Structures are given as C-alpha cells and as structure tokens.
Amino acid sequence: MDFFKESEAAAGTSQDDTPFTVTEFTRRIKALVENAFSGVWVRGEVSNLRIQSSGHAYFTLKDAGAQLSAVAFRGTLARVGTRLREGMQLVVFGQISIYEPRGNYQIIVRTFQEEGIGRLQEAFEKLRRKLEAEGLFDKSKKRPLPTFPRTIAFVTSPTGAAIRDFISILRRRDWFGRLIVIPAKVQGLGAAEEIVAGIAAANRIRDLELLVVGRGGGSLEDLWCFNEEIVARAVRASRVPVISAVGHEIDFTLSDFASDLRAETPSAAAEFISSARLEMVERFEGASVSLEDLAERAMQDFSQTLDLLESKLAQHSPLAHLRVERERLSRIKFRIGSAITNCISRSREKLARVGFSLGKQNPEHRVRLARLHLEQLQTRLRASGLESTLRRGFAVARDSATGKIIDSSRGIGFGQLVELEFSDGRTRVEGRDLN
C-alpha cells in the first residue's frame, strides 16, 4: 500500500488508496468512452470482413495510421441495403463501445455509406466545429421545456408522414391543446430558407409555448437543409423553446445540436410532449388507488379499534358488572338451594330411620303387631274350624241319643240313629250293617 501512496504522491493525486479491480476499471472506462462518443462518424477502409450465420458483419476500419474494430448487425445491413466488401471505402456512423471480457473497444455501426458521400459529412463536421466554437451548442444556453404545453407549433411539411404520425400519437395519448402547423419545405432547394421563415413566424404567435422543427428520416442529402447554418442559428435564436425532431434515431443534424431538446423522430417528440401528462395521470391514478387502499385500511383499523373499544366498554360497563353479579348470585343461590335440599333430604331420611326405630319400640306398635298376629291366627283358626270344614263338603256324625261325635264307622250300630251335621243343616239317618 505504501507503493501506491508513493506513486500517487509522485503523480500529484489524492485518490483513495483502494485499487480498482479490472472489471471496475474497465466499466469506468466503458462509461466514459460511451458517453463521450454516443454518436460519431468515422471514415476508413473495410478489411478482415466476416459475415456470420446470424447475419451480423464483423470487420476492421483502417487507414494508414490505425485500425478500429467494427460490427454492423443484421438489421442495420438490411436497412442500409449496401453489401459490404473487402477494400471498400466507408463513412460509418455509430457508437463507440467497449467489450468488457477482452477490454477491446469497437464501433457499433448504425448506418454507413460509401466514401463518395463523405464530402457532405466533411462539410457537416467543419460547420459543426465552427458553431460549437462559437458556443452555439452550449448546454448552458438551452432553455427549459414546459411540462404541460398547451399551444404548440410544428414547422414541417403539411403533407408528410411526420405530421400525421405526430398528430396520431398526440390523439392516442389524449393530449389536448392547440397545435399550429407551419408549412415549410423540408428537402431540396430553398428548404432551409422556408424553415427559417417558419421559425420566425412561430415566434410571432402569441402564447406559443413550444416549437417543433423536423421531418421524417432520409439520406444525408435529404436531411441536409437541417444542417444549414441559417437553420441552426434560427433554432438557437428562437424565443420559444425548440425540439428538433429530424430523421430516424441514427440521424444527427446541426439543428439537433442547436435545439433545446433532440427527439429521435417526430413520433418521439409527440411522446415526449404528452409523456408528462400521462405520467401525471398515472401518478394521480396510482395515488387515487393508494388513497383508496389507505382509506380502506384506515377504516378497517378504525372499525376494529371501535369493535375492541366497544367490547372493552361492554366488559367494564355497569350493566355488564350487574349481569356478572347476577350470574354469580344465581350460581350461589343454586348452590345454596342444592345444599338446603340435600340437607333436608338427608334429615328426612334420618328422621324416617329414627322414626322407624322409635316406632319399633313403641308399645302401640307392639300391640298392633300382636293384634295383627292374633288376626292372622284367627284367620288360620277359622280356616281350620268346623264351619270351614263343613263348607268344604265334610259332615260331622253324632249319636242322636247322646250327641257324641262318631269318629269311626265301628262306632255306629245296627239301627242306631245317627245325626249328620252339614254346613247347611242336620239330618238323621239309621245305621245299617256295614260289614
């Protein structure tokens, strides 16, 4: 670590002692390079051309002093329509990028043209450097754009696809306001002068909030009027903030640099103009939903709190205490009544047992028992008495003269009068010889 400190001291720096990792350092270089060269024109000769099965083209742009790796993707090749070949002189437009795994930088080609068109590009670069040196493109001079513009002017061809797409997108995104189309040629001889006149006319419109200058895409020659010095100066001198909406996303013009905002296409300009309103609507809708959710949750929490307080109030109210005390008294009363009933039942049972014991020892009880015993004996005696026997079909034989009971047949003589007693009366019979 002392080595790094000494090195920093020798270099006159005061950076953090912690060194970068290779990945961190490469990514930082990548960010610096790609931000500095987000769009650049490069001239060179094609070499080491390789067309992959995917349709992408990898090649090297070189001149006498250096070479640059380049890649043109399948979509770019299809859009440009020019077949690449070894040795051809190209002017390419693209973005410088660093491939991190190898630490190599390359240009990602967005469009290209053969060297013959390079003269216009050279003139473009010469004028750009001149105006840039004057400070015409300084970011400090760019004016803030209104967030919700209500009155807009568009300097363009009234019959081109650009204005149709622009209006279609504004309608589709529910933009409402006033759109003024200022007609102007956007290609060919005299187009630059008409564009400048259109910008001047727009600046005379009262309450104009935003000015759009542009057209659809095309070749470098088609778009050249927007690279004229008078157009760039008119855009910069405009009282009203200007959006430059020229060509496709790969096309850059001097009016783009001079404007307050560059839109890749007229459609992108319409999206930008209407985006703030859409974002506001989305935020309001989101806030509305959030407020509804918050209100619903608050109501639920409040309702639960009320229910809880109501429950606690009900539990601690005088009526609740009275109800609890009544229930407690009812339980006590029930227990006391049960205890008294049980006590009375046990006492009655005990009294019954005592009464039964006393009754057994009572003389009257004994007399009743003796009388009952006598009645039973009397009943038995009656059952075994003479009358009962006679009623069962028996008879008593008596000697008619003496009245004695004859208990054997041998006690009856011949001619002896015998009196037979039945249950319903008596009769006399004379004895016969029974032998």
Once amide H atoms are built 1.01 Å from N in the peptide plane, which residues 5 or more positions from residue 112, or in another chain, come under 5 Å H to H?
93
Under the classification rounded if a/c is under 1.5, otherwise prolate if a/b is larger than b/c and oblate if not, where does region 80-163 fall, given a ≥ b ≥ c as square roots of the Cα gyration tensor eigenvalues?
prolate
Helix 22-36 sits at what angle to the longest principal axis of the chain, using alpha carbons and giving 0 to 90 degrees rounded to 10?
60 degrees
Cβ under 13 Å from residue 376's Cβ, residue 376 left aside: what net charge do those residues give with Lys, Arg +1 and Asp, Glu -1?
+3
Which residue, 314, 237, 191, has the most motion in a Gaussian network model of the chain that connects Cα atoms within less than 10 Å?
314
Each residue of region 223-229 in order: what ³J(HN,Hα) in whole Hz does its phi give by Karplus 6.51 cos²θ - 1.76 cosθ + 1.60, θ = phi - 60°, with x for Gly and Pro?
8, 5, 4, 7, 9, 6, 4
With residue 170 itself left out, Lys, Arg at +1 and Asp, Glu at -1 over residues whose Cβ is under 13 Å from its Cβ give +4
From the alpha carbon gyration tensor of the chain, can you work out the equivalent ellipsoid semi-axes (sqrt of 5 times each eigenvalue) and give them in Å, largest to smallest?
141, 33, 31
For every other residue with a beta carbon closer than 15 angstrom to the beta carbon of residue 205, add +1 if it is Lys or Arg and -1 if Asp or Glu, then tell me the sum.
+3
Please state the equivalent ellipsoid semi-axes for region 134-278: what are the square roots of 5 times the Cα gyration tensor eigenvalues, largest first, in whole Å?
21, 17, 14
Would you work out which of 133, 29, 19 lies farthest towards the positive end of the dipole of the chain, given +1 charges on the beta-carbon of Lys and Arg and -1 on that of Asp and Glu, about the Cα centre?
19
Does anyone have the angle between helix 2-11 and the longest principal axis of the chain? Alpha-carbon axes, 0 to 90°, nearest 10?
40 degrees
Leading residue at positive end of dipole, the chain (Cβ point charges), from 354, 199, 334
354
Normalising by the residue count of the chain, find the relative contact order in percent from Cα pairs under 8 Å and 6+ residues apart.
8 percent
Of 334, 284, 124, the most mobile residue in a GNM of the chain (C-alpha springs, cutoff 10 Å) is 334
Max mean-square fluctuation residue, GNM over the chain, Cα-Cα springs under 10 Å, options 127, 358, 420
420
When only alpha-carbon atoms are used, what values of Rg and Dmax, in angstrom, describe region 37-132?
13.6, 44
Antiparallel DSSP beta bridges within the chain, percent to nearest 5:
65 percent
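Coordinate-derived values only; no laboratory data. Keep in mind that what you see is a predicted model, and the values were worked out from it rather than measured. Cβ atoms come from the backbone with ideal geometry, glycine included; neighbour counts cover every protein chain shown.
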